[in-house]
Structure formats: C-alpha cells, structure tokens
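S.K.: Starting off with a structure, shown below.
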Amino acid sequence: MRFFLPLIISLSFIFESVFVELLPDIFSNSNTILVPHFLIVVIIFTAIYGDRKQGLIYGIIFGLLFDIVYTEIIGVYLFMIPLVTNIVAWLMKLLQSNIFVVSFVTLIGITLLELGVYEMNFLIGITNIDFISFFNVRLLPTLILNTIYIIIVAFPLKKFMDSYAKSLND
C-alpha cells in the first residue's frame, strides 16, 4: 500500500502533461487557457486524508520537479504547492472533512495556487496580463476543468487515502 501513493502522485504529475497534449483542438484555438492541477489535488487529498507531513514532502518534491520540467524559474511551484497544501490542511482542521467540503477547499487551494503563481510571474515581469484577463482567460476555465476532475476522482481518491491512512496506523 505504501508504494501506491508515490505511484499515484507520479502518475498524476505525468497525466497533467499528457492531458494537455490530448486536449481537443477546439481548446487550443480558443481564447482560454486550461491548466490541469491534478497533481495538487492528489497532494491536498494526501495531506487531508492521509498524512499532512507526507503531503508537504510530496509538495516540495513535485513542486521542484514541476519547476524543473515546466517553468523558467526554479522555486515558484516549489514554494507555492507546499504553501497551498499547508493552508488547505490547516483550514480543514477548522471544517468538517466530508468529501464535499474537501473538494470545495481543494478548489480554493487551486485558486490560491493560480493566484500566487500569477502574482509571482507578474512581479518578476514574466507576464504582463492584467488581472481581469487572467481571471477570464485562465483562472475561471482552470477552475471549471479541475472541478470536473475532482468530481471524477474525489470518491475513489478518498477511499484510497482512507485505506492508506489505515495502513499507516497499522
């Protein structure tokens, strides 16, 4: 059971790029940017239902890997994924951890991630897009895409994380 979590997280990391490559041409020609955040969904679920410390460790490892593979600046996702995971895990201590609340808070986490990455890129001058355009072109479509993903994977992922947490306790 312990080897399945790194496998699931690794596959979600790989699936993000495969998903972008397999998107229909309709989306590539439109004025929207869809960003799959399948990795952070799995990491947040790990921190909430599994082990918070492991969620943060996976956030650091895969944040660095994400920066190395996909971005020009090392450190943006390395910093943002663990930060968002920690905020969401802390917030879940105040709320009920049923699947609907966790799904909604995960979407808040994705929003925080997108906003943080946008602000960092805006401050360093990598992007010059204004916030309204960012919201309409990237943030809103990204949240819709990731909502669909969460609806599909939330129950199986929660079930896996529950059995994973049980195996950690045994």
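S.K.: Take the alpha-carbon centre of the range 89-103, take the same for the range 123-170, and report the distance between them in whole Å.
M.R.: Between the Cα centres of the range 89-103 and the range 123-170 lies a distance of 15 Å.
S.K.: With 10 angstrom as the radius, rank 9, 60, 129 by how many other C-beta atoms surround their C-beta, starting from the fewest.
M.R.: 129, 60, 9
S.K.: Could you list 67, 162 in order of exposure, starting from the residue whose Cβ has the fewest other Cβ atoms within 10 Å?
M.R.: Result, fewest neighbours first: 162, 67.
S.K.: Loop-only chymotrypsin sites (Phe, Trp or Tyr not before Pro) in the range 1-101, please: DSSP not H, G, I, E or B, and at most 16 other Cβ atoms within 10 Å.
M.R.: Listed in order of number, the matching sites are 3.
S.K.: If you don't mind, there's one more thing I want to ask. With n ≥ 4 as the cut-off for DSSP H runs, can you work out [θ] at 222 nm for the chain, using -39500 (n - 2.57) per run divided by the number of residues, rounded to the nearest 500?
M.R.: Here the helix-only value at 222 nm equals -26500 deg cm²/dmol.
S.K.: From the square roots a ≥ b ≥ c of the eigenvalues of the alpha-carbon gyration tensor of the range 31-72, which class results: rounded (a/c under 1.5), prolate (a/b over b/c), or oblate?
M.R.: It is oblate, given that a/c is not under 1.5 and a/b is not larger than b/c.
S.K.: Under 1.5 on a/c is rounded, so check that first for the range 71-170, then, if it is not, pick prolate when a/b is larger than b/c and oblate when it is not; a ≥ b ≥ c are the square roots of the alpha carbon gyration tensor eigenvalues.
M.R.: In terms of gyration-tensor shape, prolate.
S.K.: Using the Cα centre as the reference, give the magnitude of the dipole from point charges on the C-beta atoms of the chain (Lys, Arg: +1; Asp, Glu: -1; all else neutral), rounded to the nearest 20 debye.
M.R.: It comes to approximately 640 debye.
S.K.: Normalise the Cα radius of gyration of the chain by 2.2 N^0.38 Å (N = residues in it) and let me know the number.
M.R.: 1.02
S.K.: Give me D for the range 7-96 in µm² s⁻¹, whole number, from Stokes-Einstein with Rh from the Kirkwood sum over alpha-carbon pairs, 25 °C and 0.890 mPa s.
M.R.: 177
Each reported figure results from applying straightforward, stated rules to the coordinates on display, with no laboratory input. Keep in mind that what you see is a predicted model, and the values were worked out from it rather than measured. Backbone-built Cβ (ideal geometry, glycine too); neighbour counts: all protein chains shown.
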